[in-house]
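This report concerns only the one structure given below.
The values are calculated or read from the model by the stated rules, or taken from the named source; none is laboratory data. Source: prediction; values computed, not measured. Cβ placement follows ideal geometry from the backbone for every residue including glycine, while neighbour counts extend to all protein chains displayed. The protein model used for the area step is the full one, side chains on, heavy atoms only, and it has no ligands, DNA or RNA in it. Shrake-Rupley method; radii C 1.70, N 1.55, O 1.52, S 1.80 Å.
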Amino acid sequence: MQYVIGCDIGSQSLKAVLISVEGKICGEASASYPIEYPQPTWAQQTPIAWIDALGQAVRSLIAHNNVSPKQIIALGLDAQVDGVVALDQSGQPLYPAIIWMDRRAVFECEAAGRRISQKAMFEVTGLNLDATHVAPKIRWLANREPRLFEKATSLLLPGSYVAFALTGELGVDYSNASSTMLMDVRNRTWSQQMCDAFEIPMDLLPPIYPATRISGTLHSEAAELLGLSAATKVILGSGDEHAACLGAGVTKPGLVCDIAGTAEPVCASSQTALFDESGLVETHCHADPELWLLENPGFVSGANYRWFRDQFSSQEMVQNVNAYALLDEEAETIPPGSEGLIMLPCLMGAMTPTWNAIARGTFMGFTLAHRHAHFSRAILEASAYAIRDITDQMLHMGLPLQEIRAVGGGARSPLWRQIKADVTGLPVSITDTTETTALGAGILALTGSGLIGSLDEAVNLTNHVIETRGPNPETRKIYEDYYQLYRASYFSLLPVFEQAAKINQ
């Protein structure tokens, strides 16, 4: 039997799945690593931690599934987008990886916005001028760490760094490149205009390829670390939400991929490059080189629930392996709308209802009658309200939305899935694995290695819906009022966010 391994380099852990040539998931493994938050709105990681976690997860897969390393034909990758890893001449990281949720580069965005209008940027890139993207982070490194930046010979994204660490070959796929603010999204090439706007030398950027490209085979040290044959092919891979869309079957019209992880990207595929003039939805390249991905790249979501668990729950609950299920149980005792308690899920700035780096998390409407359980439910509802912001805008753009496919760790929660259906008015389905991101990386490996003839064939082979939850009409009516209250709360607080930003700068 021949196999591939799909690897998802996520925000807090690396997940790996073993997939047979018939498209069956035969095993799963994971290894975690921390996120560092050295200052407010900063978030960074040690790149070597991704490689160590990859070694742990792959070795565990092989050991627990009785597979010979020679049976592993290819390793497919996907990774968190919008991070930057600067490498020196010897290929070593010069600075911690500044990851997707980091918004330290607000000044650099403002400076670029004086060189070229935001409208012109959007026309070229399909993206909003925002500190979450790669270009301002690179400029921040150049401005704040000039001596280190002078030593940089390559500027990579997390997935590109892992592929390089395994093979020694430089490259980035269309989907990752399309989220940098440095790519002409229509032509799928680096944009000299955008590089000039951020004063970034184009020769430091890697070449752009399809996600199914074979980067190379494992070099000897990587093969030893992973416990695989040096003949194993490494498939360049894509961004994580892009791979998740493959794994969830979101390559067809009418489907929305809701990726409930640390962040919560919301995506839909398109055969043409559509552009949202409101800026809420961006235009990215899909993991499928023939498609585009219309998406909001992700408001902080699961991380909010984890923060609440860690900071405000009992020690017994924090240490319980079923902590999130316990939070869900208490949340289910509270009526829809959390008896007037509204949360704005902006703990690292806002990505919806508008992109706003200075917005902050807010609980509004609580009284002495509100308990821990109310806050648990309000956090789940806040994410559902944010999803509706995005799906409503996609409908306005003319996308024929019919169903949400929920994936990621948060998709395991029946309560959360039902809340999302009731708030958005769309049925919410799950497939036979919630880890569709790593599965998507495996689909790229199956196709890129030639084991399966096309991405469409691989997607159809591996994708199976097992449950669909429709909206409850009565609950939907209740949530309509609370959704409007959520939006009113956000827009009313915009002047307050600006005032707070001035005080705390």
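Summary of values
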item: Spacing of the two label points (7 Å from each Cα toward its C-beta) at Thr46 and Asn187, in nm; result: 4.2
item: Order of exposure, largest accessible area first, which applies to Leu166, Leu205 with probe 1.4 Å; result: Leu205, Leu166
item: Only Lys, Arg (+1) and Asp, Glu (-1) charged, at Cβ; the chain dipole about Cα centre in debye; result: 400
item: Highest-first arrangement of 348-357, 149-158, where packing means the average Cβ count within 10 Å; result: 348-357, 149-158
item: 1.4 Å probe accessible area per residue over the chain, in Å²; result: 38
item: Portion, in percent, of the accessible area of the range 364-473 that falls on carbon or sulfur, probe 1.4 Å; result: 54
item: Set of aspartates and glutamates with alpha-carbon distance to Lys233 below 17 Å, sequence-local pairs under 8 removed; result: Asp8, Asp78, Glu169, Asp173, Glu221, Glu224
item: Sequence of Met343, Met397 from largest to smallest accessible area, 1.4 Å probe; result: Met397, Met343
item: Nearby lysines by direct alpha-carbon distance to Lys151 (threshold 17 angstrom, same-chain neighbours under 8 apart not counted); result: Lys137
item: Between the range 328-361 and the range 43-79, the alpha-carbon center distance in angstrom; result: 35
item: Solvent-accessible area of Ile443 with every protein chain in place, 1.4 Å probe, in Å² to the nearest 10; result: 0
item: Span-rule helices in the chain, defined as complete DSSP H runs reaching 18 Å or more along the axis (Cα) with Kyte mean at least 0.0; result: 47-64
item: Neighbour net charge for Met317 - beta-carbon separation under 11 angstrom, K R +1, D E -1; result: -3
item: Expected 222 nm ellipticity per residue - DSSP helices of 4 or more, -39500 (n - 2.57), all of the chain, to 500; result: -12000 deg cm²/dmol
item: Relative contact order for the chain, counting Cα pairs under 8 Å that sit 6 or more residues apart, in percent; result: 16
item: Cut-off 15 Å between beta-carbons: net charge of the residues surrounding Ser32, Lys and Arg +1, Asp and Glu -1; result: -4
item: Set Lys252/Lys420; Lys119/Lys252; Lys15/Lys70; Lys24/Lys70 screened for pairs whose C-alpha atoms are more than 23 Å apart; result: Lys119/Lys252
item: Cβ-based charge dipole, the chain, positive-most Cα from Val21, His286, Gly83; result: Gly83
